[in-house]
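Working notes, beginning with the structure itself.
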Amino acid sequence: MVRAGEELDLARLQAFLLERFGDNGSVSVEQYPSGHSNLTYLVRMGNREVVLRRPPFGSKVRSAHDMMREYRVLSKLHTAYPVAPKALLYCDDLSILNAPFYLMEPIRGVIVRREPPPGIPFPPETARRLSEALVDNLARLHRLDYAAIGLADLGKPQGYLERQVKGWIERYHNSKTHDLPEVERISAWLAERMPASQEKALIHNDYKYDNVVLDPNDVTKIVGVLDWEMCTLGDPLTDLGTALAYWTDPQDSEEFQEIRSAPTTLPGTLTRAQLVERYAAATGRDPGDMIFYLTFARFKVAVIIQQIYFRYAQGLTHDVRFAAMPQRIHTLLRASWHCAESGTI
């Protein structure tokens, strides 16, 4: 099934795939159900299946949806970090789909969203091992020698944190639809509390449960990491902060529990504080001021959702999932400010 307004031109796509892969089978397309940014489709032609990634319809933020950059990252990364998808080819011919896109091999497995998948038991031991695997896999990414795999020029790590804070504040104001008092408070607090950046590393920038693929025979084993559109070189603690921003602890407020996106409150699951401890042990890095990084990460996630909602409010996309986003944005902003005020993660 493909969402209304996000259909692909099957005739042109079939001709393109026939030329590249030489398969005469008819093309069928299914859209992956989640994802609010770059769009992802499973394309079948004969006996072959590939995954297609393209920018969202109506997006004006070109830098956030650079297909060539995402393709280049994956084409370099897969050999050194096999859980990254294997990229196959890139196409910038706009006559095919009216947008650049790339193809990659599918990664088959289980994706965990708000609740555990039906029929898969999640006793405390499983929940603990999976949460450990999640943070261990992030630490593995941050230990990669990015220069050795050809990604030394991916970003500008010098001054990364300062640019990120300034940039995400600007992005909020460029996509503003409501007056939310927390924005100015958080913006001022971040500017005052800016820590010295850690050493640079290759970072994913949207690392969370529903961006990893699990082995169906052992759901504590990660076999894939998806959605590399924001991957860059920068402060690795921003990456850890993002993972924590998506993490709900059992003692969190009721409104934060309501927007929980993964089963992180199951018995046995590591808490945010325990994730930080395990990451520090795995990397040898001082976790530093994680209050700052979590405050910023929750703000950043709120802005990402705000940018998506802005497209909906402007009529550039008609995905009905976007209508309820303002409440989620406000909840994240309140959680961000609570982290700053309380000094706890």
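Computed quantities for the displayed model
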item	result
Failed condition for Asp249, given (1) open to solvent by 20 Å² or more (accessible area, probe 1.4 Å); (2) more than 25 Å from Glu229 (Cα to Cα)	(1)
The listed residue being closer than 17 Å to Ala84 by Cβ and modelled with pLDDT of 95 or more, out of Ala133, Ala127	Ala133
Long-range neighbours under 8 Å by Cβ, at least six apart or interchain, first residue among the aromatic types (Phe, Trp, Tyr) within segment 157-168, second open to solvent by 30 Å² or more (accessible area, probe 1.4 Å)	Tyr160/Ser197; Tyr160/Lys200
Any helices (runs of 4 or more DSSP H) falling wholly within segment 232-345 and containing at least 1 residues that are of a type in the set (D, E, K, R), touching a residue at least 12 places away in the same chain (Cβ under 8 Å) and in contact with a strand residue (DSSP E or B) (Cβ under 9 Å, 6 or more places away or on another chain)	236-245
Number of the condition not met by Leu151 [criteria: (1) part of a helix (DSSP H, G or I); (2) open to solvent by less than 30 Å² (accessible area, probe 1.4 Å)]	(1)
Any chance Ser63 is modelled with pLDDT of 90 or more, of a type in the set (Gly, Ala, Ser) and either over 23 Å from Lys86 (Cβ atoms) or touching a strand residue (DSSP E or B) at 6+ places or on another chain (Cβ under 6 Å) (or both)	no
Residues of segment 212-231 satisfying the condition of being open to solvent by 10 Å² or more (accessible area, probe 1.4 Å) and either assigned to a helix (DSSP H, G or I) or touching a residue at least 40 places away in the same chain (Cβ under 8 Å) (or both)	Asp215, Pro216, Val219, Thr220, Lys221, Ile222, Val223, Leu226, Asp227, Glu229, Met230
Check on Arg128, in a helix (DSSP H, G or I), surrounded by fewer than 18 Cβ atoms within 10 Å (Cβ to Cβ) and either touching a His at 6+ places or on another chain (Cβ under 6 Å) or of a type outside the set (Asp, Glu) (or both)	yes
Pick from segment 279-324, criterion buried (at least 17 other Cβ atoms within 10 Å of the Cβ) and of a type in the set (D, E, K, R), ranking: farthest from Ile345 (Cα to Cα)	Arg311
Selection status of Ile111, crowded, with 18+ Cβ neighbours inside 10 Å and in contact with a helix residue (DSSP H, G or I) (Cβ under 9 Å, 6 or more places away or on another chain)	no
Enumeration of residues in segment 262-291 that are under 12 Å from Asp249 (Cα atoms), among the small types (Gly, Ala, Ser) and in contact with a helix residue (DSSP H, G or I) (Cβ under 8 Å, 6 or more places away or on another chain)	Ala262, Gly268
Some residue of segment 190-200 being in a helix (DSSP H, G or I), over 23 Å from Thr283 (Cα atoms) and open to solvent by less than 40 Å² (accessible area, probe 1.4 Å)	yes
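The values are calculated or read from the model by the stated rules, or taken from the named source; none is laboratory data. All values reported here derive from a predicted model rather than from experimental measurement. Cβ atoms come from the backbone with ideal geometry, glycine included; neighbour counts cover every protein chain shown. Remember, those area values only see protein heavy atoms, side chains included, never the ligands or the DNA or RNA. Shrake-Rupley method; radii C 1.70, N 1.55, O 1.52, S 1.80 Å.
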